[in-house]
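What follows is a set of notes on a single structure, which appears directly below.
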Amino acid sequence: MRLSLLLLLLLLPGPPPAPGMEDAAFPHLGESSQPPPRACPQRCSCPRADTVDCNGLDLQVFPDNITRAAQHLSLQNNQLQELPYNELSRLSSLRTLNLHNNLISSEGLPDEAFESLTQLQHIYVAHNKLSVAPQFLPRSLRVADLAANQVTEIFPLTFGEKPALRSVYLHNNQLSNAGLPPDAFHGSEAVVILSLSSNRLSYLPPSLPPSLERLHLQNNLISKVPRGALSRQTHLRELYLQHNQLTDSGLDATTFSKLRHLEYLDLSHNRLASVPAGLPRTLAVLHLGRNRIRGVEAARLRGARGLRYLLLQHNQLGATGLPAGALRPLRGLHTLHLYGNGLDRVPLALPRRLRALVLPHNHVTTLGARDLAGTPGLAELNLAYNRLVSARVHRRAFRPLRALRSLDLAGNLLTRLPGGLPGGLHTLRLQRNQLRALEPEPLAGLDQLRELSLAHNRLRVGDIGPGTWHELQALQVLDLSHNELSFVPPDLPEALEELHLQGNRISHVGPEAFLSTPRLRALFLRANRLHMTSIAPDAFLGLLHLSVVDTAGNPEQVLVRLPPTTPRQPRAGSPRARRGPTV
């Protein structure tokens, strides 16, 4: 009896090991057990249990062995032509599917391909060969990118009935209005970004989501915005309609009037003959460049009192298209672009707070004493490539502009520097005029000037008066290229860091040439008349910061010797020297 009890006790299971003691109880099992290997398709990477990355592997076949737990699948930049339904339907946990830049056609994308992907939020199928959009995309979708395909048609449930959908990208396709159903976004009331640019739309599609904040319709064939087409898009902030075929008859006074949050409107590169009516007061940027606008009426701008940037370049305003006071309602206007309009004078009665006036490539011949007096806050004035002559620029024309920091008078017919320049100037551009002389008086008081361009004039060293550079204490960049200088002008400003002397007649650089410019960093002497020994051995002595010396394009290769404390310089005139120093 005792023997039977003993045998029974030996055969009974003992108590389980204490927590943490399993390996101690079975040491041989603990040492050999390993977690099962994570399933990952061949050549792909799986940095996390829910992520499969097969980007850029030139795959021609959809990879197998993708874990069912995958939430993020990247297959972009491959050679896939089709998506097998049986493989895709397994991946019901997918949230992101990236198929960007493959060869997938609509035939290779079965209609039922996405039915089982009930959690999909982001799909990227841009840069493929789709001719029609998928008939059905999951209700869970948030972002859909079908750009740069050949899509001619989308369907009601492609983007409809998607309450979480936020962004849709359909640009660079072949969509016409016939391929865009009126209920394309029915039930998708959260879309904020819609890109339909570079398609074949002939009018602005109706029934767009009322939630839109940014709408891209540029580069289409749009000639008309139907009445009421934008009446529900009251949240719209940015509207891009450039590069279309809009005319005045294609818009009416209500086209933009309901857009109570509109801040940016681009109507450039159309066929408008006048400024649109009914502009909202929230508008900050209005781009009307490259239209056929012949006149600007103050009444058309009264509603847009918040406008900050008005771009009217390359229109047909001429001498009478911008009458005095036409822009007066725009009290907060910051920047006015009037490039290439055939204006013969600076417009009068501009908004007083204007900060930037851009008027290049017009026909302005005269600047009177009071022409700029109404805009004392100007910080930037661009009158480049007009027809200004020195005799018709009043000596006090620029005096009211005490806030002016940048003045561009390039490409005019000036023979001398204008007088009365504001002392706060930082940049002065006078290249491509007919300057023959420089005197100290016009530059007096410009102690904040940092950049001065006098390139492509007719200056000779003997015509630069003594003391011309004396008050330019802050000048860092001086461009005297393409003049008629025979040697380096003396007494250049001490603060100078960059000196352009290329394209002159300089044949010799003496030891004293740069004594006044110890901070010089870059010197351009290419295309002069320098020979092998034209530069004195100690010409650069003391120029401890000099790192670029460009002497290419001279009659002979020039020998440049930099002081020992300067970083070692490649042989002057060599390709390396032209690129800069070796550090």
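The values are calculated or read from the model by the stated rules, or taken from the named source; none is laboratory data. All values derive from a computational prediction rather than experimental measurement. As a convention, Cβ positions derive from the backbone with ideal geometry for all residues, glycine included, and neighbour counts pool all protein chains shown. These area figures cover heavy atoms from the full protein model, side chains too; ligands, DNA and RNA do not enter into them. Shrake-Rupley method; radii C 1.70, N 1.55, O 1.52, S 1.80 Å.
Mind checking which residues of the stretch 538-563 are open to solvent by 80 Å² or more (accessible area, probe 1.4 Å) and either on the phi > 0 side of the Ramachandran plot or aliphatic (A, V, I, L, M) (or both)?
Correct list: Leu541, Leu544, Leu559.
Within the stretch 407-427, is even one residue among the acidic types (Asp, Glu) and crowded, with 20+ Cβ neighbours inside 10 Å? Step through it out loud before you land on a result.
To start, the set of residues in the stretch 407-427 that are among the acidic types (Asp, Glu) comprises 408.
Now restrict to residues that are crowded, with 20+ Cβ neighbours inside 10 Å: 408.
There is at least one residue in the stretch 407-427 that is among the acidic types (Asp, Glu) and crowded, with 20+ Cβ neighbours inside 10 Å.
Quick one: how many residues across the stretch 441-458 are within 29 Å of the chain's Cα centre (by Cα) and open to solvent by 50 Å² or more (accessible area, probe 1.4 Å)?
Kept after step one, since they are within 29 Å of the chain's Cα centre (by Cα), are these residues of the stretch 441-458: 449-453, 455.
Filter once more, keeping what is open to solvent by 50 Å² or more (accessible area, probe 1.4 Å): 450-451.
The qualifying residues number 2.
Output the number of residues of the stretch 115-154 satisfying the condition of being at pLDDT below 95 and in contact with a strand residue (DSSP E or B) (Cβ under 6 Å, 6 or more places away or on another chain).
Result for the stretch 115-154: 0.
Listed here are the residues, each with its yes/no results for (1) modelled with pLDDT under 95; (2) part of a loop (DSSP other than H, G, I, E, B); (3) over 22 Å from Ser516 (Cβ atoms).
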residue: Leu530; (1), (2), (3): no, yes, no
residue: Thr533; (1), (2), (3): yes, yes, yes
residue: Asp538; (1), (2), (3): yes, yes, no
residue: Gly553; (1), (2), (3): no, yes, yes
residue: Val560; (1), (2), (3): yes, yes, no
residue: Thr566; (1), (2), (3): yes, yes, no
residue: Arg571; (1), (2), (3): yes, yes, yes
residue: Arg576; (1), (2), (3): yes, no, yes
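Quick one: in the stretch 280-292, of everything that is open to solvent by 10 Å² or more (accessible area, probe 1.4 Å) and hydrophobic (A, V, I, L, M, F, W, C), which residue is nearest to the chain's Cα centre (by Cα)?
Val285
Which of the residues spanning the stretch 281-300 are at pLDDT 95 or above, within 19 Å of Thr335 (Cβ to Cβ) and outside any strand (DSSP E or B)?
Within the stretch 281-300, the first condition is being at pLDDT 95 or above, and the residues that meet it are 281-296.
Restricting the remaining residues to those that are within 19 Å of Thr335 (Cβ to Cβ) gives 281-291, 293, 296.
Within the stretch 281-300, Arg281, Thr282, Leu283, Ala284, Leu288, Gly289, Arg290, Asn291, Ile293, Val296 qualify.
Do we find a residue being in a loop (DSSP other than H, G, I, E, B), under 30 Å from Arg139 (Cα atoms), open to solvent by less than 30 Å² (accessible area, probe 1.4 Å) and of a type outside the set (Val, Ile, Thr) anywhere in the stretch 266-275?
Start the filter on the stretch 266-275 by keeping residues that are in a loop (DSSP other than H, G, I, E, B), which leaves 267-273, 275.
So of that shortlist, the ones also under 30 Å from Arg139 (Cα atoms) come out as none.
Looking for residues that are in a loop (DSSP other than H, G, I, E, B), under 30 Å from Arg139 (Cα atoms), open to solvent by less than 30 Å² (accessible area, probe 1.4 Å) and of a type outside the set (Val, Ile, Thr), one finds none in the stretch 266-275, hence no.
Would the stretch 318-325 turn up any residue that is assigned to a loop (DSSP other than H, G, I, E, B), in contact with a Gly (Cβ under 6 Å, 6 or more places away or on another chain) and either of a type in the set (Ser, Thr, Tyr) or under 19 Å from Ala349 (Cβ atoms) (or both)?
Of the stretch 318-325, the ones assigned to a loop (DSSP other than H, G, I, E, B) are 318-325.
From what's left, in contact with a Gly (Cβ under 6 Å, 6 or more places away or on another chain): 318, 321.
From the residues that got through so far, the ones that are either of a type in the set (Ser, Thr, Tyr) or under 19 Å from Ala349 (Cβ atoms) (or both) too are 318, 321.
Yes: the stretch 318-325 contains one or more residues that are assigned to a loop (DSSP other than H, G, I, E, B), in contact with a Gly (Cβ under 6 Å, 6 or more places away or on another chain) and either of a type in the set (Ser, Thr, Tyr) or under 19 Å from Ala349 (Cβ atoms) (or both).
If I filter the stretch 59-71 for residues that are open to solvent by less than 50 Å² (accessible area, probe 1.4 Å), of a type in the set (Ser, Thr, Tyr) and either touching a residue at least 12 places away in the same chain (Cβ under 8 Å) or in contact with a Lys or Arg (Cβ under 6 Å, 6 or more places away or on another chain) (or both), do I get at least one hit?
yes
State the number of residues belonging to the stretch 77-95 that are within 18 Å of Ala133 (Cα to Cα) and either open to solvent by 20 Å² or more (accessible area, probe 1.4 Å) or part of a loop (DSSP other than H, G, I, E, B) (or both). Before the answer, list the steps.
Taking the stretch 77-95 first, the residues within 18 Å of Ala133 (Cα to Cα) are 80-85, 88.
Restricting the remaining residues to those that are either open to solvent by 20 Å² or more (accessible area, probe 1.4 Å) or part of a loop (DSSP other than H, G, I, E, B) (or both) gives 80-85.
Counting residues in the stretch 77-95 that are within 18 Å of Ala133 (Cα to Cα) and either open to solvent by 20 Å² or more (accessible area, probe 1.4 Å) or part of a loop (DSSP other than H, G, I, E, B) (or both) gives 6.
Restricting to the stretch 479-508, give me the number of residues that are among the hydrophobic types (A, V, I, L, M, F, W, C), open to solvent by 10 Å² or more (accessible area, probe 1.4 Å) and outside any loop (DSSP other than H, G, I, E, B).
Of the residues in the stretch 479-508, 0 are among the hydrophobic types (A, V, I, L, M, F, W, C), open to solvent by 10 Å² or more (accessible area, probe 1.4 Å) and outside any loop (DSSP other than H, G, I, E, B).
If I filter the stretch 362-399 down to residues being within 34 Å of the chain's Cα centre (by Cα) and open to solvent by 80 Å² or more (accessible area, probe 1.4 Å), which single residue comes out as farthest from Leu425 (Cα to Cα)?
Going through the qualifying residues, I end up with Arg387.
For Ser116, work out the one condition from (1) farther than 22 Å from Arg90 by Cβ; (2) of a type in the set (S, T, N, Q); (3) open to solvent by less than 40 Å² (accessible area, probe 1.4 Å) it doesn't fulfil.
(1)
With respect to the numbered conditions (1) in contact with a Phe, Trp or Tyr (Cβ under 6 Å, 6 or more places away or on another chain); (2) modelled with pLDDT under 95, which one is the sole condition not fulfilled by Ser89?
(1)
What are the residues in the stretch 308-321 that are surrounded by 15 or more Cβ atoms within 10 Å (Cβ to Cβ) and either modelled with pLDDT under 95 or under 18 Å from Leu267 (Cβ atoms) (or both), if any? Show your work before the answer.
First, the residues of the stretch 308-321 that are surrounded by 15 or more Cβ atoms within 10 Å (Cβ to Cβ): 308-315, 317-318, 321.
The answer is Arg308, Tyr309, Leu310, Leu311, Leu312, Gln313, His314, Asn315, Leu317, Gly321.
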